[in-house]
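Participant: Pasting a structure here, questions to come.
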Protein chains: 2
Amino acid sequence: MKEDFEEFRRVAHQAVDWIADYLENARRYPVLPRLKPGELMDALPGCGPEQGEPYEALLADFERVVLPAVTHWNHPGYLAYFACTGSPPAVLGEMLAAALNTNGIHWLTSPAVVELEQVTLGWLRQWLGLPAEFFGEIFDTASVSSLHALAAAREMADPEARERGARPGLILYCSEQAHSSIEKGALVLGIGRQHIRKIPVDAEFRMRADALEQAIERDRAAGLRPFCIVATAGTTSTTSVDPLEAIADIAERHDLWLHVDAAYAGAAAMLPEKRPLFRGWERAHSIVVNAHKWLFTPLDLSAFYCRRPDVLRRAFSLTPEYLRTAEDPRAINLMDYGVPLGRRFRALKFWFVLRRMGRQGIIEALRAHIGWAQELARWIDEDSRFERVAPVPFSVVCFRLRAGDEENRQLLERINRSGRFFLSHTELNGRYVLRIAIGNLGTTRQDVREAWELIQRTADEL
Amino acid sequence: MKEDFEEFRRVAHQAVDWIADYLENARRYPVLPRLKPGELMDALPGCGPEQGEPYEALLADFERVVLPAVTHWNHPGYLAYFACTGSPPAVLGEMLAAALNTNGIHWLTSPAVVELEQVTLGWLRQWLGLPAEFFGEIFDTASVSSLHALAAAREMADPEARERGARPGLILYCSEQAHSSIEKGALVLGIGRQHIRKIPVDAEFRMRADALEQAIERDRAAGLRPFCIVATAGTTSTTSVDPLEAIADIAERHDLWLHVDAAYAGAAAMLPEKRPLFRGWERAHSIVVNAHKWLFTPLDLSAFYCRRPDVLRRAFSLTPEYLRTAEDPRAINLMDYGVPLGRRFRALKFWFVLRRMGRQGIIEALRAHIGWAQELARWIDEDSRFERVAPVPFSVVCFRLRAGDEENRQLLERINRSGRFFLSHTELNGRYVLRIAIGNLGTTRQDVREAWELIQRTADEL
């Protein structure tokens, strides 16, 4: 099949017009699709085509079959999980990256991939107030970043694991509000659930440092081997921030690897007024901040920072150390610092976002989101039918109807059925809780106001 | 910063014209960049910009700073590693996926992502001749796919690992020609190098089934616990195919998980004339085939197939089993089948490629690549200064000058300095070997001929 490049050019221009319209106004679609499981699968042939098809058929089916099955994360009414943005400059970067299809396995296979990754993660590092010792690299998701953190932590605690296998009995600490990816990462490493300590939290859902230290001492006394603490800056349910300074003290006292999961809230360290919440994270061994959460970059861009790249390399490099000296130290081979060998040119989109928005542009957007979340929190506090169930340090508000879980579940379902807004829920202290997360660049104060009014009206109906 | 959507539209159209020109003729660039390590980093500011910049500046710097640092994997003269293609329909898919930025964490967060992944991997599965029991999902790289295979293998062998931690002494088998990602995956799981058996190969670089079985029996007799065999269909150095039927017999006899790494060559199972080489792989527990290698899809699309999704889910799901019954079985939650939680809409580009090319279009392209590799092998055989050092079952040819390693190294360096072609090398039987891999859609028979003529001329000069 001979490719028709003129035909490609024509449809790609069509696609750009569609994309520009979409990015400017994703509101024309319902934020949540209205279809049953299997509907898309049933709408498509069970077998792929024998002969190639024209581009028209592809774009037509994209509109006819795919779009009605899309949950529109780029919709201004998307207020679920952590709202995020596929911003225009990032889309431009992804277009070019796909065409280049260049792959930064090691330096020579694409200097641009390797070096632009260092440049962009260096810029972000400075904006976050982290020192230059932090080496940065990009993974697809925070789950994968945190898996690397845990593997490096084990390498530090048990350097012989590489040769003779990991020894049993290593103990991992995180709060009971930590993200499930921490537990999943531990399972992959072969650390059983019995060796994961989920430390209790205080009334504001932050890890209790006293309980953490007691647990470590208890385990030590029992002959077990603590090796890693995972603190969270911005938990998934309530965006609470663990007491990072106190935890860093404990990690140092007990010589444990400290990983900070700041996948969502890390972005807010760019704001001087929020920086104090992060005090202590600069003493962590590793940190994850997802640009695809609150830094206006589409999936996938998880920024992983590690203050001990030597340990990371010992854990992941298969090149014997004695072969290294001849190398130019600036020709970094990122394959030596993690599992994936292929490395997509993800840095390009991030570079475009950082430059197009600038530090001030990002700060402005984050401040607006936080401000609207504070306003929403006040509106909730003023309506006696509702209660707010957690502080609002960033852009997520947790609340519930003062009623049973069933009423709250119904409330959520009706809002989500509207097609106008998508909210998510969580469970706190055994109760069903609604969550509103603000994070899309297209979302306005008016959207937040309308979401709240719809919630109030729906509560009236219940 | 207010986004200017008309400005975005204008530059995105400009980018499409650049992309269309590039895809049609990447030859205008040298395939390998001519710069020193650190040059790109030095050319960019050490700090990110305070204020947002205009799109013009982004595109101008893309051309000025980024392009000269790119290794052009999409160049028809790219004959290194495994040559691949960012094909036009896939670029179109990536553009739309970036704009949608929809995320298939679980079914509701994007039915389109989840279901199109099932549809496209189902089509490919049928084209590869694999039975319907194989459940498919997409990861970023084969390294990550194989890590999942090994974790599932451990779950089958040691189901209590999840709770009480992995027991030491599990033994993994692969050939000495297996890809480094297998060893790396094992290290992540905590399986030390002492517990990885690299089975010797025959004269054609295929795992020796007799040596494999002896090793298993020896380990069993020593009280160790064999748990997994990784066979390779298309090794990285020579594209040799391990004897899959004999290995499947052994895996069944010893009740071991069989993973088949077919990252590169798996695509060739679409050809009836090549299918016999793969006989036996349908009995594997898991298989990886990278669409971003020889299926004309840009990074990243690693198709992972697993015949025991129940085991995979046991290894990775954190949702208790008793919560599952209420779910619609067609609303698959892919987060339960692996480490990453976020899931980019990678299936869209793959769907576009499969439809635009059709089964026949792909077969035609693969046959052409294989045919040219055979021709090249003949030309090499006819030039007495050279020797071919491995059979050519697919599109990779391994050869060397009948001279010392140093001469071969110089030959490679001169070719790669030409800017016209990029070749890679490997080591076989302790000797430095040159490798030519054909896999880009833009590569023609004429390119292969010219590469060979340049090699001959360069050999004359040496």
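Participant: Where in the range B:361-433 are there strands (runs of 3 or more DSSP E), lying fully within it, with 3 or more residues that are within 25 Å of the chain's Cα centre (by Cα) and buried (at least 22 other Cβ atoms within 10 Å of the Cβ)? Before you say what the answer is, go through the steps one by one.
Facilitator: On the way: elements: B:386-388, B:396-401, B:424-428.
Ranges flagged: B:396-401.
Participant: Let me ask something additional. Testing A:ALA26 on (1) within 8 Å of another protein chain (Cβ to nearest Cβ); (2) out of contact with any helix residue (DSSP H, G or I) (no Cβ under 7 Å at 6 or more places or on another chain); (3) on the phi < 0 side of the Ramachandran plot, one condition comes back false. Which one is that?
Facilitator: Exception for A:ALA26: condition (1).
Conditions (1) crowded, with 17+ Cβ neighbours inside 10 Å; (2) more than 23 Å from A:ASN74 (Cβ to Cβ), marked per residue:
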| site | (1), (2) |
| --- | --- |
| B:TYR29 | yes, yes |
| B:LYS36 | no, yes |
| B:MET41 | yes, yes |
| B:CYS47 | no, yes |
| B:HIS75 | yes, yes |
| B:ALA98 | yes, no |
| B:PRO111 | yes, no |
| B:LEU116 | yes, no |
| B:VAL119 | yes, no |
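Participant: Sticking with this one: Of the residues A:GLY185, A:GLY165, which is buried (at least 24 other Cβ atoms within 10 Å of the Cβ), of a type in the set (Gly, Ala, Ser), more than 26 Å from A:VAL201 (Cβ to Cβ) and within 8 Å of another protein chain (Cβ to nearest Cβ)?
Facilitator: Sole residue among the options that is buried (at least 24 other Cβ atoms within 10 Å of the Cβ), of a type in the set (Gly, Ala, Ser), more than 26 Å from A:VAL201 (Cβ to Cβ) and within 8 Å of another protein chain (Cβ to nearest Cβ): A:GLY165.
Participant: Being under 29 Å from B:ARG388 (Cβ atoms), among the acidic types (Asp, Glu), away from chain A (no Cβ under 14 Å) and touching a residue at least 24 places away in the same chain (Cβ under 8 Å), is that true of even one residue in the range B:198-205?
Facilitator: In the first step, residues of the range B:198-205 are kept if they are under 29 Å from B:ARG388 (Cβ atoms); the result is B:198-205.
Those still in the list that are among the acidic types (Asp, Glu) too: B:202, B:204.
This time we only want the ones that are away from chain A (no Cβ under 14 Å), so: B:202, B:204.
Filter once more, so that each one left must be touching a residue at least 24 places away in the same chain (Cβ under 8 Å): B:204.
Yes, there is a match, as at least one residue in the range B:198-205 is under 29 Å from B:ARG388 (Cβ atoms), among the acidic types (Asp, Glu), away from chain A (no Cβ under 14 Å) and touching a residue at least 24 places away in the same chain (Cβ under 8 Å).
Participant: Can you pull out the strands (runs of 3 or more DSSP E) entirely within the range A:221-335 that have at least 2 residues that are closer than 30 Å to A:ALA437 by Cα, within 14 Å of chain B (Cβ to nearest Cβ) and of a type in the set (Gly, Ala, Ser)?
Facilitator: On the way: elements: A:225-232, A:257-261, A:286-290, A:302-306.
Answer list for the range A:221-335: A:302-306.
Participant: Only residues that are facing chain A (nearest Cβ under 7 Å) and of a type in the set (A, V, I, L, M): list them for the range B:58-89, please.
Facilitator: B:LEU58, B:VAL66, B:ALA69, B:VAL70
Participant: Okay, next question. Here are some conditions: (1) at positive phi; (2) at the interface with another protein chain (Cβ under 8 Å from one of its Cβ atoms). B:GLY129 meets all but one. Which one does it not meet?
Facilitator: (2)
Participant: Looking at the structure I just gave you, is B:ALA142 in contact with a strand residue (DSSP E or B) (Cβ under 7 Å, 6 or more places away or on another chain), touching a residue at least 60 places away in the same chain (Cβ under 8 Å), at the interface with chain A (Cβ under 8 Å from one of its Cβ atoms) and closer than 28 Å to A:GLY46 by Cβ?
Facilitator: Values: in contact with a strand residue (DSSP E or B) (Cβ under 7 Å, 6 or more places away or on another chain): yes; touching a residue at least 60 places away in the same chain (Cβ under 8 Å): yes; at the interface with chain A (Cβ under 8 Å from one of its Cβ atoms): yes; closer than 28 Å to A:GLY46 by Cβ: yes.
So B:ALA142 passes the test.
Participant: To continue, here is another question. Any residue in the range A:248-274 that's in the same structural domain as A:GLY129 (by TED's automatic domain parsing) and touching a residue at least 12 places away in the same chain (Cβ under 8 Å): show its pairings with residues that are among the aromatic types (Phe, Trp, Tyr) and part of a loop (DSSP other than H, G, I, E, B) at Cβ separation under 7 Å, as long as the two are six or more apart or on different chains.
Facilitator: A:TYR264/A:PHE82; A:ALA265/A:PHE394; A:ALA268/A:PHE394
Participant: Testing A:ASP242 on (1) among the charged types (D, E, K, R); (2) touching a Leu at 6+ places or on another chain (Cβ under 6 Å); (3) crowded, with 20+ Cβ neighbours inside 10 Å, one condition comes back false. Which one is that?
Facilitator: (2)
Participant: Of all residues in the range A:105-126, count the ones that are at pLDDT below 95, touching an Asp or Glu at 6+ places or on another chain (Cβ under 9 Å) and more than 7 Å from every other protein chain (Cβ to nearest Cβ).
Facilitator: 1
Participant: Same structure again: Check whether at least one residue in the range B:31-44 is β-branched (Val, Ile, Thr) and more than 9 Å from chain A (Cβ to nearest Cβ), and report yes or no.
Facilitator: Taking the range B:31-44 first, the residues β-branched (Val, Ile, Thr) are B:31.
Narrowing further to those that are more than 9 Å from chain A (Cβ to nearest Cβ): B:31.
The answer is yes, given that some residue of the range B:31-44 is β-branched (Val, Ile, Thr) and more than 9 Å from chain A (Cβ to nearest Cβ).
Participant: Another question, if that's okay. Grab the helices (runs of 4 or more DSSP H) fully contained in the range A:1-98, keeping just those with 2 or more residues being of a type in the set (Asp, Glu) and either in contact with a Gly (Cβ under 8 Å, 6 or more places away or on another chain) or free of Cβ contacts under 8 Å to residues at least 24 places away in the same chain (or both). Explain how you work it out, then say what you get.
Facilitator: Details: elements: A:5-24, A:39-43, A:55-61.
Answer list for the range A:1-98: A:5-24.
Participant: Condition test on B:ASP210, is it among the charged types (D, E, K, R) and over 30 Å from B:LEU79 (Cβ atoms)? Lay out the reasoning, then the answer.
Facilitator: Numbers: among the charged types (D, E, K, R): yes; over 30 Å from B:LEU79 (Cβ atoms): yes.
So B:ASP210 passes the test.
Participant: Further question: Just one of the numbered conditions (1) within 14 Å of chain A (Cβ to nearest Cβ); (2) out of contact with any Phe, Trp or Tyr (no Cβ under 9 Å at 6 or more places or on another chain); (3) among the hydrophobic types (A, V, I, L, M, F, W, C) is not true of B:TRP372; which one?
Facilitator: Result: B:TRP372 fails condition (1) only.
Participant: Consider A:GLY338 against the criteria (1) crowded, with 24+ Cβ neighbours inside 10 Å; (2) over 30 Å from B:SER146 (Cα atoms); (3) more than 8 Å from chain B (Cβ to nearest Cβ): it satisfies all of them except one. Which criterion is unmet?
Facilitator: (2)
The values are calculated or read from the model by the stated rules, or taken from the named source; none is laboratory data. Treat the numbers as computed from the prediction; the structure is a model and nothing was measured. Because the Cβ atoms are built from the backbone with ideal geometry, glycine has one as well, and the counts that use them run over all protein chains shown.
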